[in-house]
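Chemist: I'd like to ask you about the structure that follows.
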Amino acid sequence: MKKLQILIIVLFSIWGMTLHAQSFTITTCSADSITHWLNTNNVPAVGIGIIENGQIKSIKVYGEIKKDVNAPVNTFWNVASLTKPVTAMVVLSLVNKGEWDLDEPVSRYWIDPDIKDNPWAGKLTTRILLSHQSGFLNWRRGEPSKKLNFHFEPGTRMGYSGEGYEYVRRALETKFGKSLQQIAAEELFTPVGMKETHYGWDNSLDSNRFAEAHNSKGARYPDQKTKAIIAADWLVTTISDYCRFGLYVINGGGLSNNLYNEMSAIQVNFDTVATHRSTGMGLGWQVIKNLPNGEFALTHSGSDNGAKTVVLLLPKSKRGIVIFTNGENGNNVKNNIIKASLPDLKPELAKYMGEFR
């Protein structure tokens, strides 16, 4: 497993907010600054959503969708691993209704043929899979055999894995006889008003609104829209829809108090010798605990080729920020926006920036 790196948001939030908790606010960056960061990093476009006081305060998109065409406010983005919190909330909705169990072995519904003879397959539960304790690599394509394989006993430590989320998807689809897209539409997208959100690219979507991925020099990657439904990656959405999702989570996500607390509890620390025991993985979210005034944060980042994204939610004070970019250097743009939007953060901590992929 690749070395895990803690998000700058984690360190920023813990150290920066500790110093200036009372004055902490999310501010809007100037358009000139954002344009400068886009240009200097060869990133065509960025979308920024800000939630304040339990309301969506600002939805802005900057840059060009293609040469000489401004990116519209309803631009479609591939949000990469920001797909995972969405999938987790879909699953938790089913748990909340008593139609799914966090701790039931998912082998009752699905066993991947690659591990059917391994007794550890019976140890996989939804809790273990959503908190990245499956024992799988991120993707089976990283295995020499290209087959799914355990690298440690499930539930004993953390190992970031998109395969774990795909495992949940297959179990869900087997039990309910529906695609994840159908289940998500019923459990989340329709109730929350996420009318322009889809797992994978769908031909019914307007391709003229899609933020195509670009390399580090600003050249467009070949059009490789993923149409497959993937639980861990390639959710296509807009800034508005994802902010609606973020606000829904901030307001409890339709879950019971007990289940919401399970979601935002640290199920596993990032490593066995974690420096910051107040950070780790919850159910679908990276969690930061013990912030000033009883605050905690739910956060996640995303990284595909030419797509760099992040979400940070502060449920107690009902604030949040969502950033999508469509360039390989998007992390630089993202970091500058975070530092400018969160003025109490210490810029020198930028060296700790990391990504879960």
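Chemist: All but one of (1) within 30 Å of GLU64 (Cβ to Cβ); (2) part of a loop (DSSP other than H, G, I, E, B) hold for LEU255; which doesn't?
Modeler: (1)
Chemist: Looking at region 79-108, I want the residues that are closer than 23 Å to TRP120 by Cα and touching a residue at least 12 places away in the same chain (Cβ under 8 Å) and have a partner that is outside any loop (DSSP other than H, G, I, E, B) and among the acidic types (Asp, Glu) with Cβ atoms under 9 Å, at least 6 apart or on another chain. Which pairs are those?
Modeler: Close Cβ pairs (under 9 Å, with a partner that is outside any loop (DSSP other than H, G, I, E, B) and among the acidic types (Asp, Glu)) amount to VAL91/GLU187; LEU102/GLU262.
Chemist: Any residue in region 255-269 that is under 15 Å from LEU314 (Cα atoms) sitting within a Cβ distance under 9 Å of a residue that is among the charged types (D, E, K, R)? List the pairs, counting only those 6 or more apart or interchain.
Modeler: Once the first residue is under 15 Å from LEU314 (Cα atoms) and sits in region 255-269, its partners that are among the charged types (D, E, K, R) give SER264/LYS289; ALA265/LYS289.
Chemist: Can you name the residue in region 221-279 that is surrounded by fewer than 16 Cβ atoms within 10 Å (Cβ to Cβ) and of a type in the set (Lys, Arg) and is also modelled with the lowest pLDDT among such residues?
Modeler: ARG277
Chemist: Considering GLU166, GLU186, which residue is closer than 16 Å to ALA121 by Cα, part of a helix (DSSP H, G or I) and among the acidic types (Asp, Glu)?
Modeler: Step by step, each of GLU166, GLU186 is checked, and only GLU166 is closer than 16 Å to ALA121 by Cα, part of a helix (DSSP H, G or I) and among the acidic types (Asp, Glu).
Chemist: Now for a separate question. Hey, can you tell me all the residues within region 66-120 that are farther than 28 Å from GLN224 by Cβ and among the polar types (S, T, N, Q)?
Modeler: The answer is SER93, ASN96, SER107, ASN118.
Chemist: So which residues in region 320-336 are over 21 Å from PRO222 (Cα atoms) and touching a Phe, Trp or Tyr at 6+ places or on another chain (Cβ under 8 Å)?
Modeler: Matches in region 320-336: VAL322, ASN332, VAL333, ASN336.
The values are calculated or read from the model by the stated rules, or taken from the named source; none is laboratory data. These numbers come from a predicted model, not from an experiment. In this analysis, Cβ positions are derived from the backbone assuming ideal geometry, glycine residues included, and neighbour counts consider all displayed protein chains.
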